[in-house]
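Shown next, in structure tokens, is the structure this report addresses.
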Amino acid sequence: MNNICAVMKNQNHLWHPNTQMSEWNKFPKIVRGEGMWLIDEDGNRLLDGVASMWCNVWGHSKKELVNAIIKQTKKLQHAPLFNLTNEPSESLAKKLIKLSPNMTQVFFSDNGSTAMEVAIKIALQYWNNVGENKKTNIATLENGYHGDTFGAMSVGYVPEFFSKFRSKLFSTIQFPVPRTIFAGTHKKMSSKEYEEYCLSKIEDKLKKDNSIAAFVMESGAQMAGGVIIYPKTFQKKISQICKKNDVLFVLDEIATGFGRLGSMVEYQSQNSIPDIVSFGKMLTGGYQTFAATLTTKKINDSFLGKFSEFKHLFHGHTYTGNPIAAALSLKNIELYEKYHLIEKIQKTSKVFENKINDISNLDIVGEIRHKGMVMGIDLVQNKNSNKPISSKTSINKLVFDEGRKHQIYFRTLGNTIMLVPPLAISQKDLNFLIDGTICTIKSISRKL
Ligand SMILES: Cc1ncc(COP(=O)(O)O)c(C=O)c1O
């Protein structure tokens, strides 16, 4: 009752995402961003430990990106791709094709969820276009996340996020994902045996079931599922199984492409070529909402024909190909090249490796998973059982409040602290982030 009163007294009309509003009397009001820092109305500085939901590349207020927005805004703010085209969208499509092996076509949309909706629709319509009307099912990995719209929720079912909507989600065929902690509990298998078990389940099903249109998975790692990094050849083997069994391989690089895991195009470093792939988040450097879904020539060709055949893609958004977002993305990609960002990430990422022991020695820390510019740290009651810590408020609120005292902006996923800094963070700032995380975990531990 008190909590509800607090919200009413505060007259908070703004609904915050995935947030129990009664837990919050007030949110820090961010008025400025400077480099890696977010600055609130009282002048307090917070290091952006989650890259403003995993999308910020260069830090805030990067001059070249701000200027790109201004320059394009002065010329053309928006004109649709319905019957028209514009230079930034055309150039960006060309650039993305150049970066992405085997891809020939680009569809722009508004955010990661819509990019995945488009990917699913392209995959389903492809089979319809080529006359294989029985191929209508989608295979996925358990614990995946592809966004919060209904199609994206259906292919990425995470029970904690989506159970309220289950009755309206379409059904998918789900396969287990190799995780170290599952291997031990599953017939006491080693990690390698468990990976082979997961792959054999996929292979057996795809061989037998010719109703499967596509296999959809995150590329390189499951991010929202808690930074679950795939074993080295797992993704490659799935791509091979798909190819062998005539199933389209659809990758989601929205959170993991563009450098997050240490490579520009993650599927390239995984040696796995998709039929369809989506990019988002970092595409604009994290300054505007925008996303892209790319496909191969084979897929695109199936959409061509006479108008009366109705083979064209039945999808469109008002802001598809927005010229400001496209011009911004072009500038962002130019900066990746100019500043050798991918090489820089690979070097800076060593700071994480150097600090892993210091973090894992903390008494409420369970498993830690890390690759490139992301680390997931599980907060547990007991290192042996891996049971999440319990807290009166949500764990996110507990970590956020303690983190603020150490000048860090955190947003956890369940009991996992996500360290997902802007990609261009310096070694000094990354050390600040990790040291602040250690101090935050220690103070939480004292409070429990
Ligand atoms: C892998 C992945 N796909 C899709 C999405 C959805 O993106 P958006 O929040 O921009 O809709 C996310 C968001 O976190 C994501 O991590």
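The values are calculated or read from the model by the stated rules, or taken from the named source; none is laboratory data. Keep in mind that what you see is a predicted model, and the values were worked out from it rather than measured. Reconstructed Cβ throughout: ideal geometry from the backbone, glycine too, with neighbour counts over all protein chains shown. For the accessible areas, the whole protein counts, side chains as well, though only heavy atoms, and no ligand, DNA or RNA atoms are used. Shrake-Rupley method; radii C 1.70, N 1.55, O 1.52, S 1.80 Å.
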Where 14, 283 fall by accessible area, highest first, once all protein chains stay in place (1.4 Å): 14, 283
Where a ≥ b ≥ c are the square roots of the eigenvalues of the C-alpha gyration tensor, would you call segment 201-258 rounded, which needs a/c under 1.5, or, failing that, prolate if a/b is larger than b/c, or oblate? prolate
Counting only protein heavy atoms and leaving out ligands, DNA and RNA, the solvent-accessible surface of residue 304 at a 1.4 Å probe, in Å² to the nearest 10, equals 110
Solvent exposure ordering (accessible area, 1.4 Å, most first) of 219, 308: 308, 219
One quarter of the convex hull surface, Cα atoms only: what value does that give for segment 65-338 in nm²? 15.1
Can you tell me how much longer the chain between residue 447 and residue 20 gets when fully stretched, taken as 0.36 nm per residue apart minus their C-alpha distance, in nm with one decimal? 151.5 nm
Solvent-accessible surface (1.4 angstrom probe) belonging to residue 175, in square angstrom, nearest 10: 10
Which of rounded, prolate, oblate describes segment 269-341, given a ≥ b ≥ c as roots of the alpha-carbon gyration tensor eigenvalues and a/c under 1.5 marking rounded, otherwise prolate only if a/b is larger than b/c? oblate
Most to least accessible of 45, 179, 32 (protein chains only, probe 1.4 Å): 32, 45, 179
Counting only residues 5 or more places away or on other chains, whose amide H sits under 5 Å from the amide H of residue 262 once H atoms are built in the peptide plane? 373
In terms of Cα to Cα distance under 19 Å, which lysines are near enough to residue 74, apart from those fewer than 8 places away along the same chain? 62, 63, 331
Calc'd 3J(HN,Hα), segment 20-32, phi into Karplus 6.51 cos²θ - 1.76 cosθ + 1.60 (θ = phi - 60°), Hz, glycine/Pro = x, comes to 6, 4, 6, 6, 10, 7, 7, 9, x, 8, 7, 10, 8
Please state the shape class of segment 119-232: rounded when a/c is under 1.5, otherwise prolate if a/b exceeds b/c and oblate if not, all from the C-alpha gyration tensor. oblate
Using modelled amide H (1.01 Å from N, peptide plane; none on Pro or chain starts), what sits under 5 Å from the amide H of residue 173, excluding residues fewer than 5 places away? 138, 139, 140
Can you give me the solvent accessible area of residue 230 with a 1.4 Å probe, rounded to the nearest 10 Å²? 10
Whole-Hz Karplus ³J(HN,Hα) for segment 231-236, in order, using 6.51 cos²θ - 1.76 cosθ + 1.60 and θ = phi - 60°, x for Gly and Pro? x, 3, 10, 4, 5, 4
Over 20 Å between alpha carbons, listed pairs 405/442; 188/237; 135/164; 392/447; 98/338: 188/237; 135/164
What list of ³J(HN,Hα) values in whole Hz, one per residue of segment 195-212 in order, does the Karplus curve 6.51 cos²θ - 1.76 cosθ + 1.60 (θ = phi - 60°) give from phi, with Gly and Pro shown as x? 4, 5, 4, 4, 5, 5, 4, 5, 4, 4, 5, 5, 5, 7, 9, 8, 8, 7
Taking the Cα centre of the chain as origin and charging only Cβ (+1 Lys, Arg; -1 Asp, Glu), how large is the dipole, in debye to the nearest 20? 200
How much net charge surrounds residue 226 when only other residues with a Cβ under 10 Å from its Cβ are counted (Lys, Arg +1; Asp, Glu -1)? 0
GluC sites (Glu not before Pro) restricted to DSSP loop in segment 119-221 with at most 16 other C-beta within 10 Å: 132
Under 5 Å between amide hydrogens, which residues at least 5 positions from residue 249 or on another chain qualify, with H placed 1.01 Å from N in the peptide plane? 215, 275, 276
